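Take a look at the structure below.
The values are calculated or read from the model by the stated rules, or taken from the named source; none is laboratory data. Bear in mind that the values here come from a model prediction, so they are computed numbers and not experimental data. Here the Cβ is made from the backbone with ideal geometry for all residues, glycine too, and neighbour counts use every protein chain on show.
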Amino acid sequence: MLSLANCFDSKDVTDFIDRTKKFLNTQDFLEIYCEPKIDGVSFSVTYVDGKLINGATRGDGYIGENITANIKTIRNLPYKINNAPEFLEIRGEIFIEKNDFLLLNTQQESQGKAAFANPRNSAAGSLRQLDPNTTLSRPLKYFVYAIGYSSSKFANTQKELLQKLSDFGFQTNPIGEITNSLQELIDFYQKLLLIREQLGYEIDGIVYKINNFQLQDRLGFIARSPRFAIAHKFPATIAETKLLNISVQVGRTGAITPVAELAPIKIGGVTVSKATLHNFDEIKRLDIRIGDNVFLHRAGDVIPKVTQVNLSRRTGEEQMVLVPTKCPSCDSTLHIDPDNVVVRCDNGLN
Ligand code: IVH
């Protein structure tokens, strides 16, 4: 399973369009199918004589994990398909919706289990379960969007493919459009950027695919990415707010991590009042002081990060952050690891 080349601005998109036109020796704008880039776990599912026989994760692209028993628990993923090619391998993305992720984390915590950092991790963790009954209890969803291999051809374009896959009984993303100009393509990107937070699932960009499969075949691949498609990534969501305090958290291994307590701020549609700071070295490196105005980054992940201090708003009233010397949980003396990064409570079983 390959990956997509990324692009970040309209200049990169123009370059992609120009490159494909040059490669195909044409002046005409080529129809491009635009669809959301789902921030989930990519998977492959194989059908022989219409029967699901194998499911795999992407892994390193060559070898993935066998998830056959677990994907069979996903509702709406057909176990049998009619009138299918003899051999059919389909690719898509498995994900957990944002609301379901929050509910799942509440359940995890109430059972004393570790919470997942974001919806993508919760989907990956759910697929990695040894007991398919656990996977069955997880609210996994999926969309399919590509063919890995098919013993016979049944679509000529990406749009037609999605229609046929939907006819076979697969879930395909209803959001997707053919565009006929750079302007239409950019309009689609802007529209999705605006409605991104209202979608039930996380997306991290738009995938542009040359719609016509004959042209896709001619364009082929370069290294480990197709020449006929590209991912236009969304910018990470950034916001600025006041750092009210820094609290400390004791992890499972005794690591003491600082947590930024923030004046609540809406970032990417979600109100945030806490952010991760990783470790005390990071606070020193960024010269973060209590009372500072800080920039936050939220890129797909649900827990945002403090990335920078807005020095232009410093008043001189800010207070330096002190590295704690006593464990907030058991009051033992804390140790600083030799790498000077992790502050740790090693009070054994106590
Ligand atoms: S097409 C050659 N379409 O993004 C790969 N990928 O780095 C063709 N992804 O590994 C993939 N949404 O897991 C395609 N609508 C979409 C996608 C999508 C998410 C993932 C996929 C791939 C990664 C690209």
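Observations on the structure shown:
- Residue that is modelled with the lowest pLDDT, among those in the range 6-33 that are more than 8 Å from the ligand (Cβ to nearest atom) and under 18 Å from the mean Cα position of the chain (by Cα): 8
- A single entry from 187, 287 fulfils the requirement of being away from the ligand (no atom under 16 Å from the Cβ) and assigned to a loop (DSSP other than H, G, I, E, B): 287.
- Scoring residue 44 on the criteria (1) within 16 Å of the ligand (Cβ to nearest atom); (2) crowded, with 16+ Cβ neighbours inside 10 Å; (3) farther than 15 Å from residue 148 by Cα leaves a single failure, condition (3).
- Scan of the range 167-184 for residues that are more than 13 Å from the ligand (Cβ to nearest atom) and either in contact with a Ser or Thr (Cβ under 9 Å, 6 or more places away or on another chain) or more than 19 Å from residue 97 (Cβ to Cβ) (or both), ordered by number: 167, 168, 169, 178, 179, 180, 181, 182, 183, 184
- Residues of the range 203-232 that are within 20 Å of residue 161 (Cα to Cα), touching a residue at least 12 places away in the same chain (Cβ under 8 Å) and not in a strand (DSSP E or B): 211, 213, 214, 215, 216, 218, 219, 227, 228.
- Considering the range 175-233, and only residues there that are within 18 Å of the chain's Cα centre (by Cα) and of a type in the set (Lys, Arg), the residue that is modelled with the highest pLDDT turns out to be 233.
- Test: residue in the range 233-247 that is under 21 Å from residue 145 (Cβ atoms), within 16 Å of the ligand (Cβ to nearest atom), touching a helix residue (DSSP H, G or I) at 6+ places or on another chain (Cβ under 9 Å) and assigned to a strand (DSSP E or B): no
- Residue in the range 208-229 that is in contact with a Cys (Cβ under 8 Å, 6 or more places away or on another chain) and away from the ligand (no atom under 16 Å from the Cβ) present: no
- Looking at 200, 254, just one residue is touching a residue at least 24 places away in the same chain (Cβ under 8 Å), within 16 Å of the ligand (Cβ to nearest atom) and more than 16 Å from residue 31 (Cβ to Cβ), and that residue is 200.
- Selection of the range 246-277 for residues being out of contact with any Pro (no Cβ under 8 Å at 6 or more places or on another chain) and more than 18 Å from residue 333 (Cα to Cα) yields 259, 260, 261, 262, 263, 264, 265, 266, 268, 269, 270, 274.
- A count restricted to the range 269-284 and to residues that are among the β-branched types (Val, Ile, Thr), modelled with pLDDT of 85 or more and assigned to a strand (DSSP E or B) stands at 1.
- Boolean, residue 67 is loosely packed, with under 14 Cβ neighbours inside 10 Å, over 24 Å from residue 159 (Cα atoms) and in contact with a Phe, Trp or Tyr (Cβ under 8 Å, 6 or more places away or on another chain): no
- The residues on offer are 122, 166, 126, 152, and the sole one that is surrounded by fewer than 16 Cβ atoms within 10 Å (Cβ to Cβ) and free of Cβ contacts under 8 Å to residues at least 60 places away in the same chain is 166.
- Any hit, the range 56-64, residues being within 16 Å of the ligand (Cβ to nearest atom), within 27 Å of residue 200 (Cα to Cα), of a type outside the set (Gly, Ala, Ser) and in contact with a Ser or Thr (Cβ under 6 Å, 6 or more places away or on another chain): yes
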